[in-house]
Amino acid sequence: MKNLKSKNGFKIGFLTAIIAVLTTFGVVSNAKAQVVKNIVLVHGAFADGSGWQGVFNILTKKGYHVTIVQNPMTSLEDDVTATKEALANQDGPAILVGHSWGGVVITEAGNDPKVAGLVYVSAFAPGDGENAAQWFQSAPAAPELGILPPNAKGILYYDKAKFHAGFCADLSASQADFMYASQGQFYAKCLGTPVTHAAWKDKPAYGIVPTEDKSINPVIERNMYKKANAKITEIKGASHVVFISHPEEVARVIEEAANNALNK
């Protein structure tokens with residue numbers, strides 16, 4: 001019996017030593033090394049980066065390095081430039097997340113070599129040569145939608161009378177008032193600018209559909225995500241700003257992308 005234990009102990013010790021050596025030289029992969037720790041968040045139209053605070057808090061507490069892009073929304077090119085600047089400051093691969101108009105931005109900016117995966121949050125995900133406007137018109141708009149015609153400077157704003165019901169119905173009235181007051185200027189020309197090469201063709205994508213989205217018809221979101229071969233998560237009862245009203249669920253999808261992007 002003593003000899004048997006000795007032999008088994010030798011075998012276990014020998015195997016442990018072999019695995020340690022193979023791991024050191026990269027023959028056996030370390031699962032933890034495959035987790036993306038950088039997250040870059042891109043806001044959409046009629047909003048700013050402050051809306052990501054709930055998602056930021058959840059992810060940073062779990063050890064992720066989170067960067068929020070304050071994209072100018074003056075043109076697709078300008079927003080992509082701002083996003084690529086944020087990516088340049090990452091110390092490794094990143095998951096790129098976009099809400100609404102931000103989906104177009106990450107579709108273009110996602111071609112950056114640091115981007116390991118994409119997460120679309122009630123967002124546009126156009127293909128090559130496509131723009132947000134043509135997708136927006138591909139299904140009927142909700143009666144609650146309140147995007148006003150562009151003003152003399154070509155800037156779009158959301159109608160105050162419809163902002164709460166059309167943009168963020170699952171938030172409080174006071175939250176809606178603050179968001180309306182802080183909405184950024186969004187140039188209409190952004191919607192008509194086509195994507196040159198959709199990053200989701202080359203990188204894993206995830207899509208979140210809030211079932212009560214009144215700003216982008218959920219049918220449109222589902223169709224875009226299917227075309228992008230994205231893994232779709234539906235959040236029942238959520239509005240267009242699902243990342244604010246359901247930060248835990250949104251953070252969970254981002255974590256899934258971070259855990260799997262380098263293992264595809």
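Looking for whichever is hydrophobic (A, V, I, L, M, F, W, C), surrounded by 24 or more Cβ atoms within 10 Å (Cβ to Cβ), closer than 17 Å to Trp135 by Cα and modelled with pLDDT of 95 or more here; the options are Val209, Val219, Val242, Val250. Which one fits?
Details: Val219 fails: surrounded by 24 or more Cβ atoms within 10 Å (Cβ to Cβ); Val242 fails: closer than 17 Å to Trp135 by Cα; Val250 fails: closer than 17 Å to Trp135 by Cα.
Testing whether each residue is hydrophobic (A, V, I, L, M, F, W, C), surrounded by 24 or more Cβ atoms within 10 Å (Cβ to Cβ), closer than 17 Å to Trp135 by Cα and modelled with pLDDT of 95 or more leaves just Val209.
Being of a type outside the set (Val, Ile, Thr), farther than 27 Å from Leu87 by Cβ and either modelled with pLDDT of 95 or more or surrounded by 12 or more Cβ atoms within 10 Å (Cβ to Cβ) (or both): is that true of Ser122 here? The answer is no for Ser122.
Exactly one residue among Ile216, Ile220, Ile254, Ile232 is closer than 21 Å to Val40 by Cβ, under 22 Å from the mean Cα position of the chain (by Cα) and assigned by TED's automatic domain parsing to the domain that holds Lys114, and that residue is Ile254.
Residues in the stretch 138-159 that are among the small types (Gly, Ala, Ser), in contact (Cβ under 8 Å) with a residue 12 or more places away in the chain and either over 17 Å from Ala181 (Cα atoms) or outside any loop (DSSP other than H, G, I, E, B) (or both): Ser138, Ala139, Ala141, Ala142, Gly154.
Residue by residue, here is whether (1) in the same structural domain as Glu234 (by TED's automatic domain parsing); (2) buried (at least 20 other Cβ atoms within 10 Å of the Cβ); (3) closer than 15 Å to Leu76 by Cβ holds:
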| position | (1), (2), (3) |
| --- | --- |
| Glu108 | yes, yes, yes |
| Trp135 | yes, yes, yes |
| Leu171 | yes, no, no |
| Ala181 | yes, no, no |
| Trp200 | yes, yes, no |
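Helices (runs of 4 or more DSSP H) fully within the stretch 26-128 that include at least 1 residues being in contact (Cβ under 8 Å) with a residue 24 or more places away in the chain and in contact with a Cys (Cβ under 6 Å, 6 or more places away or on another chain): 76-88.
Being out of contact with any Ser or Thr (no Cβ under 7 Å at 6 or more places or on another chain) and either surrounded by fewer than 21 Cβ atoms within 10 Å (Cβ to Cβ) or not hydroxyl-bearing (Ser, Thr, Tyr) (or both) is the requirement here; does Lys189 meet it? Criteria not met by Lys189.
Annotation: of all residues in the stretch 38-51 being within 11 Å of the chain's Cα centre (by Cα) and within 21 Å of Ala181 (Cα to Cα), the one that is surrounded by the most Cβ atoms within 10 Å (Cβ to Cβ) is Val42.
The values are calculated or read from the model by the stated rules, or taken from the named source; none is laboratory data. Computed from a prediction, not measured in an experiment: that's the story for all the values here. Methodologically, a virtual Cβ is constructed for each residue, glycine included, from the backbone with ideal geometry; neighbour enumeration extends over all protein chains shown.
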